[in-house]
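Just below is one structure, and these are the notes that go with it.
The values are calculated or read from the model by the stated rules, or taken from the named source; none is laboratory data. As the structure is a prediction and not an experimental result, all values here were calculated from the model. Heavy atoms of the whole protein, side chains included, go into the accessibility calculation; ligands, DNA and RNA do not. Shrake-Rupley method; radii C 1.70, N 1.55, O 1.52, S 1.80 Å.
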Amino acid sequence: MLQVFHNANFDLMGRIKWPFLAFSVLVMGLAVGTILTRGFNYGIDFAGGTAVRMKFRDRPRIEEMRVSLERSGLGDVSIQNLGDPQDNEVLIRVELTQSAGAATGSEGGEISRKVVEALQSPEWHQAQKAGKIDLNMITESDLKEWIAGRLSAGAGGGSVDEAAAIAAAVVRYRTDHAGLIRSSSEIASITGIKPEVARILQDQTMLGPFTVRSVDFIGPTAGKELLRNTLLAVFGSVGGILVYVWLRFKRWMWGLTAILALVHDVVIAAGAISLTRKEFSVDIVAALLTILGYSINDTIVVFDRIRENLRIYREVDFGTLVNASINQTLSRTILTSFTVFIAVTALFLYGGDKLNPMSFCLMVGVVFGTYSSVFVAAALLVIVYRLYGPKYVKI
């Protein structure tokens with residue numbers, strides 16, 4: 001059996017470990033440098049600000065929109081396409097200005113109003129001044145009041161309940177058609193609307209080129225609190241894993257080497273997010289915590305095999321024993337990681353823009369999490385043994 005240890009397929013714990021450790025140090029250094037120099041592209045969740053999701057009737061012209069928004073004096077604005085190109089949806093993010101002061105909760109509505117006004121055409125503004133309403137933008141309550149006023153002014157008048165039913169029918173039709181009424185001819189086909197009411201809507205309303213699907217506002221205090229909670233979650237997870245590994249393997253040095261491997265994985269994944277300027281949101285936080293859990297799982301598998309072999313072959317050289325333990329678990333580690341990587345890659349390719357940053361972070365984390373379980377955590381155990389003797393590592 002001892003001969004099996006010496007004839008292990010790959011001598012990963014010999015001199016070959018040093019190039020891998022040097023590579024890890026280099027990549028970590030690049031990741032840290034990228035984070036310090038470029039920072040993160042914080043999303044609304046962390047930076048604070050307003051996110052306005054809009055759907056257009058026709059293909060949105062991003063550059064023209066950008067020019068119009070810059071002229072409106074909204075400050076730092078980013079525009080991102082959402083979903084497939086034929087969906088004609090965009091996400092407009094307006095960062096919170098430093099001079100905004102304390103958030104009162106009404107900033108999101110005010111900023112979304114400015115965004116809408118900046119993107120509307122001169123013809124739309126003229127029609128609005130003439131008293132026409134936009135059926136693609138008006139709320140159900142405002143539409144009910146408007147219809148009630150028109151019905152009461154007509155022959156025979158109209159009840160408030162009738163106006164409410166008409167407004168509800170229009171909004172329901174609009175919602176069922178992705179938030180947009182594309183042609184005035186569609187109004188006559190809405191269920192529950194009489195022909196005379198349809199003529200009023202066709203003559204006295206307009207159909208704007210877009211609609212607002214959602215508005216999200218995050219104040220500066222909430223953003224800072226979320227960032228603080230994120231750091232607490234990451235450091236709390238790392239601390240809990242350290243204690244768990246320490247108690248499981250009866251040596252604190254095992255826990256420390258496992259934590260160093262986890263830090264290696266998380267720093268590189270975060271550096272990749274910083275380098276690619278992908279949005280750093282709560283989804284990325286979830287991805288980083290997932291990387292912690294996935295990576296420690298791989299490391300525990302390797303450490304368990306090392307512990308089992310230590311109990312049976314106590315006279316075998318520690319480096320040789322660790323190398324054999326890695327070879328015994330290597331096929332399992334590679335196959336498991338490969339299947340996970342395939343699933344995450346599919347999410348990256350077909351998950352849409354919203355899940356793209358998270359899936360990218362997971363892809364990087366799975367690759368380096370597998371790498372660190374073999375070439376970082378186990379290698380550090382061997383180095384500790386060589387430097388300080390068996391009392392810190394042997395169980």
Straight-distance crosslink candidates among aspartates and glutamates, where the alpha carbon sits under 12 Å from Lys144 and sequence neighbours closer than 8 are dropped: Asp161, Glu162
Per residue accessible area of the chain, 1.4 Å probe, in Å²: 51 Å²
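If the limit is 30 Å between Cα atoms, which of Lys132/Lys354; Lys129/Lys194; Lys129/Lys354 go over it? Don't jump to the answer; show the numbers that get you there.
Values: Lys132/Lys354 36 Å; Lys129/Lys194 27 Å; Lys129/Lys354 38 Å.
Lys132/Lys354; Lys129/Lys354, as the Cα separations exceed 30 Å there.
Need one number: convex hull volume per residue for the stretch 282-329, Cα atoms only, in Å³. Each step should come with its number before you reach the end.
Working: hull volume 3.1 nm³, N = 48.
Value for the stretch 282-329: 64 Å³ per residue.
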Rg and Dmax [Cα atoms of the stretch 132-208; Å; Rg one decimal, Dmax integer]: 11.2, 35
Distant-in-sequence amide H partners of Lys354 (H built 1.01 Å from N, under 5 Å): Gly83
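Restricting to DSSP H runs of at least four residues, report the calculated mean residue ellipticity at 222 nm for the chain, -39500 (n - 2.57) per run over all residues, nearest 500 deg cm²/dmol.
Values: 15 runs with 250 residues, N = 395.
After summing the helix terms and dividing by residue count, I get -21000 deg cm²/dmol.
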Carbon/sulfur fraction of accessible area - the chain, other protein chains in place, 1.4 Å, %: 59 percent
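Starting from the Cα gyration tensor of the chain, multiply each eigenvalue by 5, take the square root, and state the resulting semi-axes largest first in whole Å.
61, 21, 17
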Under the Karplus curve 6.51 cos²θ - 1.76 cosθ + 1.60, θ = phi - 60°, whole-Hz ³J(HN,Hα) for the stretch 66-75, x wherever Gly or Pro sits: 4, 4, 5, 6, 5, 5, 6, x, 7, x
